[in-house]
1. Pairwise over distinct Cα atoms, reciprocal of the mean inverse distance: report the Kirkwood radius of the range 347-400 in Å, one decimal place.
2. How high is the FRET efficiency between LEU430 and VAL93 when r is their beta carbon distance and R₀ equals 56 Å, given to the nearest 0.05?
3. With respect to the cross-link table entries LYS240/LYS386; LYS240/LYS330; LYS196/LYS257; LYS260/LYS386, which display a Cα-Cα separation exceeding 31 Å?
4. Please get the size of the charge dipole for the range 336-386, origin at its Cα centre, with Cβ charges of +1 on Lys and Arg and -1 on Asp and Glu, quoted in debye to the nearest 20.
5. On alpha-carbon atoms, Rg over Rh for the range 104-174 using Kirkwood Rh?
6. Counting only protein heavy atoms and using a 1.4 Å probe, what share of the accessible area of the range 317-451 belongs to carbon plus sulfur, as a whole percent?
7. About its Cα centre, how strong a charge dipole does the range 203-359 have in debye, to the nearest 20, once Lys and Arg get +1 and Asp and Glu get -1 at the Cβ?
8. Restricting attention to the range 156-238, which GluC sites (Glu not before Pro) occupy a DSSP loop and are surrounded by at most 15 other Cβ atoms within 10 Å?
Amino acid sequence: MTEKVRSLRNFFLFKCLLALTFWNHLSLSVENELFTSVSNNFPEGSDKKFNSLPLLYANNLQSKDNFDWVVIQNTTESLSLSEITNKNVKELVALLSNFRQGSRLQNLTLTNVSVDWNALIQILQTVWHSSIQYLSINNVTQLSHVERCDFDYSGTSMKALIMEKVVITDLYFSQDDLYRIFADVNIAALTITDSKMIHMLCPSSDSPLRYLNFLKNDLTDLLYEKCDKLDQLETLILQKNKFESLSKVSFMTSHMKSLKYLDMSSNLLRHEGADVQCQWAESLTELDLSSNQLTDAVFKCLPVNIQTLDLQNNQINSVPRGMAELKALKELNLASNRLADLPGCGGFTSLEFLNVEMNSILTPSADFFQSCPRVRELQAGKNPFKCSCELRDFIRGERQSGGRLFGWPAAYMCEYPEDLRGTQLRDFHLSELACNTVLLLVTALLLTLVLVAVVAFLCIYLDVLWYVRMTWQWTQTKRRAWHNHPAEQETVLQFHAFISYSERDALWVKDELIPNLEKGEGCVQLCQHERKFIPGKSIVENIINCIEKSYKSIFVLSPNFVQSEWCHYELYFAHHKLFSENSNSLILILLEPIPPYIIPARYHKLKALMAKRTYLEWPKERSKRALFWANLRAAININLPMADGRRCGEAD
């Protein structure tokens, strides 16, 4: 047997014996998969590619006193061990000591580790000088007193260390003894999460760390204060800690010359105002400040070269004008704040993506897309939109700009008014007239002018002013009569008829009408202006008095009548009595035919009366006149009281 074969046989036997001894206390499983729990936390560009893991498993023995065993080939790249205690830590160290640099094992996961401080340091020191590059330790409980120790970082293959859920049972120890071990690691990536860590020391010398993740701890503003040893750090995650001052965070980063990404989300960050200075790393391009207590003042304390900024879930009401320009900013997240309108792009000249979901925006500015021409995507859904003309203009502007609303149309619904609640904005429509103020004013003005013109025409055509004046005179006459004789307001009929005629028809009235009515049977009392008008009173007052004290009003119609102004007065007042007293007191006598074209427009009442009421036409044949007079007497027949109290026609 050659020397090489003998050497391989001895190595194989040693491995078997070591496995039999180790597994008396330790459960071991080997996974044929990527070391995902580590690789997912590596910064971009890290080596994440691992080969598959060929393994040989042995059968489990049923006896309680027996143990599992496994033969691990020298091609193993990923190893996962659990239930590490002080009882089996020596076997673990012995096992890991065999994976010297040059071995294939690169990824190691230890779960449920419960050891004392020295044992933990021994495990780390052994890994540090092995072929392992990525180490993840989960659920760690340190059992003994933490004390100072010297750690040899030289000659390591390690690239990344992840420690999750670390519990330190020692309540009284020097923080330097604990944190110095991790502060001075000479690796590219360090993760310590969910461990209630309250501090971390600045490295003693220039650190090669490019990735730091201290998620879910109790770190405060004292972290890395005036620390200038992290020049190569590119990614820093401090999410879910207890930072309070944004200004102090900015000064912390000012010494990190290579920092590109900073996650400060879910802290207690505030910014006191413009009087407090801020100084950020000039290399910082991505900043997450979501879920803090920041207000509008945050825009006075931002990195000038920032490209991606997350400010969602804060207390921001608006983006103040006059803020420092963020010319490099491309992505801005302002979701879940208190914005009442879309921010302008005056300070964000390169903005491409904007998120303002779940704010208090009722009517977004219609000129947003004109003022922000570089914005390629706007997320503005889930706001309480008020469906109005302003919102209609915003939607129109968005469509004209090429449709850049993310989540359209499902996330965009009317909240106000209530009758439109739940309506998608794409189904909301208003007319151009309802939303264009200028057009609405012009239309209203035109309609007003047309209405005024129509009213003016009707007033002129129908002589409305004349009727207004007549109504006023009638009202004033009635008022004076009431004041002068309040006890005599009950009207007493004194005449059978009041006669209205044109002076040009006076001859017919005096020779025909009056004699034939008065000489007939009964005592017919006629009111003629020449005989009954009272001197000293106005003509209008006399006309009103005569009409009101007459049972009937006889109008002698002829072409001369329609040309008489006073006849028009008398007709108006008689017509007013007709409607005010609901009486049938008008008698029309057509003395001569009246061509319609000679009737003035203001005589529309006369036209209406002649069209609707029966009138008596003066017959030219004498044989028919007896019937005419008989019909006229019958129309005015009524017993009126005489001066001595007797009624007309009663015997003495």
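The values are calculated or read from the model by the stated rules, or taken from the named source; none is laboratory data. On a predicted model such as this, the values are computed, not experimentally measured, just so you know. Cβ atoms come from the backbone with ideal geometry, glycine included; neighbour counts cover every protein chain shown. The accessibility values were calculated without ligands, DNA or RNA, using every heavy atom of the protein model including side chains. Shrake-Rupley method; radii C 1.70, N 1.55, O 1.52, S 1.80 Å.
1. On the way: mean 1/r = 0.0862 Å⁻¹.
Result for the range 347-400, one decimal place: 11.6 Å.
2. Working: r = 78 Å, r/R0 = 1.39.
FRET efficiency, LEU430 to VAL93: 0.10.
3. Details: LYS240/LYS386 36 Å; LYS240/LYS330 26 Å; LYS196/LYS257 28 Å; LYS260/LYS386 40 Å.
From the list (LYS240/LYS386; LYS240/LYS330; LYS196/LYS257; LYS260/LYS386), the Cα-Cα distance tops 31 Å for LYS240/LYS386; LYS260/LYS386.
4. Working: 5 positive and 5 negative charges, 21 e Å.
Result for the range 336-386 is approximately 100 debye, rounded to the nearest 20.
5. Working: Rg = 12.5 Å, Rh = 12.8 Å.
Radius of gyration over Kirkwood radius for the range 104-174 works out to 0.98.
6. Values: 4020 of 7290 Å².
Within the range 317-451, the accessible surface is 55 percent carbon and sulfur.
7. On the way: 15 positive and 21 negative charges, 20 e Å.
With only Lys, Arg, Asp and Glu charged at Cβ, the dipole is about 100 debye.
8. Working: sites: GLU164, GLU225, GLU234; in loops: GLU225, GLU234.
Counting only loop positions with at most 15 other Cβ atoms within 10 Å, the GluC sites (Glu not before Pro) in the range 156-238 are GLU225.
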